[in-house]
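Okay, structure first, notes after.
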Amino acid sequence: MKRNLVTIFCFLMSLQYGLLNAQTQVKPTLAPSALNPWGNPIGQAEIAIIPEPVSLMRKEGFFELPQNVVIAAPSGARLASSVNSLRDKIQNASGHFVSVINDASSVAHIKLQILDKGDASLGKEGYSLTVNSQQVVIKANNEHGLFYGIQTLLQLFPKEIESKEIVEAFKWTLPCVEIKDFPRVAWRGLMFDVSRHFFTVDEVKQFIENMSRYKYNKFHFHLTDDEGWRIEIKGYPKLTEVGAWSVKKEGTFGDFIPPGINEPRTYGGFFTQEDLKEIVAFAQDRFIDVMPEVDVPGHSLAAIASYPDLSCTPEAVNYKVRSGEKIMDWSRGAPPLALVDNTLCPANEKVYVFIDSVVSQLARIFPFEYIHLGGDEAPHNFWEKNEQIKALMKREGLKTIPEVQAYFEKRVEKIVRAKGKKMVAWDEVLEGGVPNTMTIMAWRSMEKGIEAAKKGHEVIMTPTQFAYLDYMQADEITEPRVYASLRLAKTYEFDPIPEGVDPKLIKGGQGNLWTEQIFNIRQAEYMVWPRGFALAESMWSPREKKDWSHFIAKTEKHFERLDLAETKYSPAMYDPSFAVRRTADKLLQVTLKTEIEGLDIYYSFDNSAPDRFYPKYTEPLIVPVDAGVLKIVTYKGKQQVGRILHMPITELNKRAGK
Ligand code: ACM
């Protein structure tokens, strides 16, 4: 009886969705309130896979999860953790019993299989996933592919799979599908800065766990900066006794009052080498490589506060790890003017001994073949005046300060290569001329990446315009203030492979989360999601598969998943942007615009909180002369989706200018 019902229902579904066409994307056509035969809601973006697979064909029918689920998976330590996690998720959310067997030839409800003959079209990380009414089968050339197949499978489950408690009286079904999938680029990274604010081992694991669900495969671990040295290095104990600790401050980082000489330096922390190995193993279980970054020769105040000899400047004996007070003057642009010398001294042999020791130890902790040695934003002003640097320039025939930095970078690269690793550096290192054996992380623009590729460097694209996750994602009236903004729609435009360069040199892309204004893991999550969805899709999915309105429908579905998983995300995509101008008769006129379709904006000027019974925004607003605040809220039909925004009229006046 049930099966007949299913068949009729699925036939109707397939007509509705136009699912008989292999390349048709699943688009909403049923009312969101429609229910499938088991009472589960279907409709808008019933299938919401992020990143979008290469090909997804909706088939007739559903797979109904039995009470006793058998998963068959190849034996292999690396996959075991994700198979066990799949088992635990199903068991914990559904209450069904799940067993795992290591015999791929046996009958199982969920079968993971490594292809005997291999399938070149799937590559190293691709997979195929078939769900029919009897069975789920994931096939791949290796464990990487099976891992990504599992991530897709989890997204085919109802969102309740993310529940930490058993969801009672619920029919667990998956839509029947045929999926073939593989990534567009090989490097799909996220960078996490744990120097500006320290995050614990568990928080770092939480960050990595979330990345893995969206098929990221590189974790760039920014471990040192002016605000903290976070790695235990044997032989240099002060790096963590002194360099890992600052004065706890809250408010707007960068504007903090300089701490007093006797204020306790108890804020911060560091990772022991054992902690780091634990993080590496955790990431490896999720098929993520961990690339450590030690940011030198700039951004090195924490190292210098620990070992002042590493700088060129004797006054460094008085330097302290930065607690968020001003140490740079950016008023003349980049490179900044350092108010305290935060650079290692390229003319000091002790520096290379130090770097050799650090890199040797990193090479033993981190199995990944790449190590990042920074290279960004090294100020020139202390080097320019320094006698040791002048002597080095004379001896080595260096004409400019960028050439001094390039001398340093080349020596550092030699050290890295001697440990059997490859060096990655930020794009500033190109300025003095470095060998193209260095991999360049292009952050200042796509053009810097293009320039590097044209010089024959491997490139990872992480441009501020698309990939800086520390930038504000909504108007600054709602966000901790950062000097720039990056909306979700702009992030979604990211294309890591530009025209006109050899695509083989573009290893991929990455989002960067700097944490000056991020004091805790909840805010870190808020900054990453959903922009992390947009970057994941830009790096994994074929360019022609990207579709903004479909992506937004999927994002809304994933918000529900993140709610259940208790992961924070930003609702900024529902917040309108404000454009303001002065009319000919000097009145303020405000234009509101949302980046997604189908929202209604309601507003007030009378200080009260608007809801959907308030005036609806239909055209630019003229601000009443006595108003003190414009409050707005967005709705989707009858549902409030946006937060209530309070825009002070003084702020609008400021933006409109005279
Ligand atoms: C950077 O954002 N300074 C690499």
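Could you figure out which of (1) within 16 Å of the ligand (Cβ to nearest atom); (2) more than 19 Å from the chain's Cα centre (by Cα) isn't true of residue 515?
All conditions are met except number (2).
Scanning for something within 18 Å of the chain's Cα centre (by Cα), of a type in the set (A, V, I, L, M), away from the ligand (no atom under 15 Å from the Cβ) and closer than 30 Å to residue 632 by Cα, does region 473-482 turn up at least one residue?
Checking region 473-482: at least one residue is within 18 Å of the chain's Cα centre (by Cα), of a type in the set (A, V, I, L, M), away from the ligand (no atom under 15 Å from the Cβ) and closer than 30 Å to residue 632 by Cα.
What about residue 220, is it of a type outside the set (Gly, Ala, Ser), part of a strand (DSSP E or B) and out of contact with any Leu (no Cβ under 6 Å at 6 or more places or on another chain)?
Working: of a type outside the set (Gly, Ala, Ser): yes; part of a strand (DSSP E or B): yes; out of contact with any Leu (no Cβ under 6 Å at 6 or more places or on another chain): yes.
Yes: the conditions hold for residue 220.
Can you tell me which residue within region 291-326, out of those that are assigned to a strand (DSSP E or B) and within 16 Å of the ligand (Cβ to nearest atom), is farthest from residue 256 (Cα to Cα)?
Filtering first and then ranking leaves 291.
Has region 566-574 got any residue that is within 21 Å of the chain's Cα centre (by Cα), part of a helix (DSSP H, G or I) and over 25 Å from residue 495 (Cβ atoms)? Before the answer, list the steps.
At the first step, the residues of region 566-574 found to be within 21 Å of the chain's Cα centre (by Cα) are 566-574.
Filter once more, so that each one left must be part of a helix (DSSP H, G or I): 572-574.
Pick out the ones that are also over 25 Å from residue 495 (Cβ atoms) and you get 574.
Within region 566-574 (the criterion being within 21 Å of the chain's Cα centre (by Cα), part of a helix (DSSP H, G or I) and over 25 Å from residue 495 (Cβ atoms)), the answer is yes, since at least one residue qualifies.
Okay, residues lined up against (1) closer than 21 Å to residue 299 by Cβ; (2) crowded, with 18+ Cβ neighbours inside 10 Å:
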{"residue": "380", "(1), (2)": "yes, yes"}
{"residue": "389", "(1), (2)": "yes, yes"}
{"residue": "397", "(1), (2)": "no, no"}
{"residue": "417", "(1), (2)": "no, no"}
{"residue": "453", "(1), (2)": "no, yes"}
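Does region 370-380 include one or more residues that are assigned to a helix (DSSP H, G or I), on the phi < 0 side of the Ramachandran plot, modelled with pLDDT of 95 or more and of a type in the set (A, V, I, L, M)? It would help to see each step written out before you state the result.
So the first thing to find is which residues in region 370-380 are assigned to a helix (DSSP H, G or I), and the list is none.
Within region 370-380 (the criterion being assigned to a helix (DSSP H, G or I), on the phi < 0 side of the Ramachandran plot, modelled with pLDDT of 95 or more and of a type in the set (A, V, I, L, M)), the answer is no, since none of the residues qualifies.
Select from region 225-248 the residues that are over 12 Å from residue 322 (Cα atoms) and among the polar types (S, T, N, Q) and list them in ascending order. Please lay out each step first, then the result.
Just the residues of region 225-248 that are over 12 Å from residue 322 (Cα atoms), to begin with: 230-241.
Listed by number, the list holds a single entry, 240.
Consider only pairs whose beta carbons are under 7 Å apart and that are at least six residues apart or on different chains; among these, list those whose first residue lies in region 296-316 and is at pLDDT 95 or above and of a type in the set (A, V, I, L, M) and whose second residue is within 14 Å of the ligand (Cβ to nearest atom) and assigned to a loop (DSSP other than H, G, I, E, B).
These pairs meet every condition: 301/226; 301/342; 302/226; 302/227; 304/342.
Restricting region 419-448 to residues that are of a type in the set (Gly, Ala, Ser) and farther than 18 Å from residue 295 by Cβ, which is nearest to the ligand (Cβ to nearest atom)?
445
Do you know which residues across region 449-471 are more than 12 Å from the ligand (Cβ to nearest atom) and over 26 Å from residue 420 (Cα atoms)?
As a first pass, look at region 449-471 and keep what is more than 12 Å from the ligand (Cβ to nearest atom): 449-459, 461, 465-466.
450, 451, 465, 466, listed by residue number.
Limited to region 485-513, what total is found for residues that are part of a helix (DSSP H, G or I) and under 23 Å from residue 548 (Cα atoms)? Write out each step before concluding.
Restricting attention to region 485-513, the residues satisfying the condition of being part of a helix (DSSP H, G or I) are 488-492, 503-505.
Those still in the list that are under 23 Å from residue 548 (Cα atoms) too: 488-492.
Residues in region 485-513 being part of a helix (DSSP H, G or I) and under 23 Å from residue 548 (Cα atoms): 5 in total.
Working carefully through the options 71, 42, find the one that is at pLDDT below 50 and either in contact with a Leu (Cβ under 9 Å, 6 or more places away or on another chain) or surrounded by fewer than 16 Cβ atoms within 10 Å (Cβ to Cβ) (or both).
Numbers: 71 fails: at pLDDT below 50.
Going through 71, 42 in turn, just one is at pLDDT below 50 and either in contact with a Leu (Cβ under 9 Å, 6 or more places away or on another chain) or surrounded by fewer than 16 Cβ atoms within 10 Å (Cβ to Cβ) (or both): 42.
Quick check, is residue 184 basic (Lys, Arg), more than 16 Å from residue 278 (Cβ to Cβ), in contact with a helix residue (DSSP H, G or I) (Cβ under 8 Å, 6 or more places away or on another chain) and assigned to a strand (DSSP E or B)? Step through it out loud before you land on a result.
Numbers: basic (Lys, Arg): yes; more than 16 Å from residue 278 (Cβ to Cβ): yes; in contact with a helix residue (DSSP H, G or I) (Cβ under 8 Å, 6 or more places away or on another chain): yes; assigned to a strand (DSSP E or B): no.
So residue 184 fails the test.
Considering (1) buried (at least 19 other Cβ atoms within 10 Å of the Cβ); (2) at positive phi; (3) of a type outside the set (Val, Ile, Thr), say which one residue 572 fails and leave the rest.
All conditions pass for residue 572, except number (2).
When you scan region 89-154 for strands (runs of 3 or more DSSP E) that lie fully inside it, which ones turn up with 3 or more residues that are buried (at least 22 other Cβ atoms within 10 Å of the Cβ) and in contact with a Ser or Thr (Cβ under 9 Å, 6 or more places away or on another chain)?
Working: elements: 97-101, 110-114, 127-131, 136-140.
Qualifying strands (runs of 3 or more DSSP E): 136-140.
Do you know which of the residues in region 337-377 that are among the small types (Gly, Ala, Ser) and over 23 Å from residue 395 (Cα atoms) is surrounded by the most Cβ atoms within 10 Å (Cβ to Cβ)? Outline the logic, then answer.
So in region 337-377, the residues among the small types (Gly, Ala, Ser) come out as 338, 347, 357, 360, 363, 374-375.
If we keep only those that are over 23 Å from residue 395 (Cα atoms) as well, we get 338, 357, 360, 363, 374.
Working: 338: 22, 357: 15, 360: 15, 363: 19, 374: 26.
Per the stated criteria, the residue is 374.
Evaluate region 346-368: report whether one residue or more is without any contact (Cβ under 8 Å) to a residue 24 or more places away in the chain and within 16 Å of the ligand (Cβ to nearest atom).
Looking through region 346-368, none of the residues is without any contact (Cβ under 8 Å) to a residue 24 or more places away in the chain and within 16 Å of the ligand (Cβ to nearest atom).
When region 480-505 is examined, which residues are found to be surrounded by fewer than 20 Cβ atoms within 10 Å (Cβ to Cβ) and polar (S, T, N, Q)?
Residue satisfying the conditions is 485 alone.
What pairs come up if the first residue lies in region 608-627 and is in contact (Cβ under 8 Å) with a residue 12 or more places away in the chain and closer than 20 Å to residue 641 by Cβ, the second is surrounded by 13 or more Cβ atoms within 10 Å (Cβ to Cβ) and among the basic types (Lys, Arg), and their beta carbons are under 7 Å apart, counting only those six or more places apart or on different chains?
Matching pairs, first to second residue: 609/631; 610/631.
Please go through (1) within 22 Å of residue 297 (Cβ to Cβ); (2) within 16 Å of the ligand (Cβ to nearest atom); (3) touching a residue at least 60 places away in the same chain (Cβ under 8 Å); (4) not basic (Lys, Arg) for residue 412 and return the number of the only condition it doesn't satisfy.
The single condition residue 412 does not satisfy is (2).
Kindly indicate whether any position in region 506-526 is surrounded by 16 or more Cβ atoms within 10 Å (Cβ to Cβ), among the hydrophobic types (A, V, I, L, M, F, W, C) and under 18 Å from residue 575 (Cβ atoms). Working first, answer last.
The first filter runs over region 506-526 and keeps only residues surrounded by 16 or more Cβ atoms within 10 Å (Cβ to Cβ), leaving 506-519, 521, 523-526.
Filter once more, so that each one left must be among the hydrophobic types (A, V, I, L, M, F, W, C): 506, 513-514, 518-519, 521, 524.
Checking the rest, the ones that are also under 18 Å from residue 575 (Cβ atoms) come to none.
The answer is no; no qualifying residue exists.
I'd like to know if region 327-334 contains one or more residues that are within 14 Å of the ligand (Cβ to nearest atom), surrounded by fewer than 24 Cβ atoms within 10 Å (Cβ to Cβ) and free of Cβ contacts under 8 Å to residues at least 40 places away in the same chain. I'd like the intermediate steps shown before the answer.
First, pick out the residues of region 327-334 that are within 14 Å of the ligand (Cβ to nearest atom): 328, 330, 333-334.
Cutting the leftovers down to surrounded by fewer than 24 Cβ atoms within 10 Å (Cβ to Cβ) gives us 328, 330, 333-334.
Restricting the remaining residues to those that are free of Cβ contacts under 8 Å to residues at least 40 places away in the same chain gives 330, 333.
Checked region 327-334: at least one residue is within 14 Å of the ligand (Cβ to nearest atom), surrounded by fewer than 24 Cβ atoms within 10 Å (Cβ to Cβ) and free of Cβ contacts under 8 Å to residues at least 40 places away in the same chain.
The values are calculated or read from the model by the stated rules, or taken from the named source; none is laboratory data. No experiment lies behind these values; they were computed from the predicted model shown. Quick reminder, even Gly has a Cβ in these numbers, built from the backbone with ideal geometry, and neighbours come from all protein chains shown.
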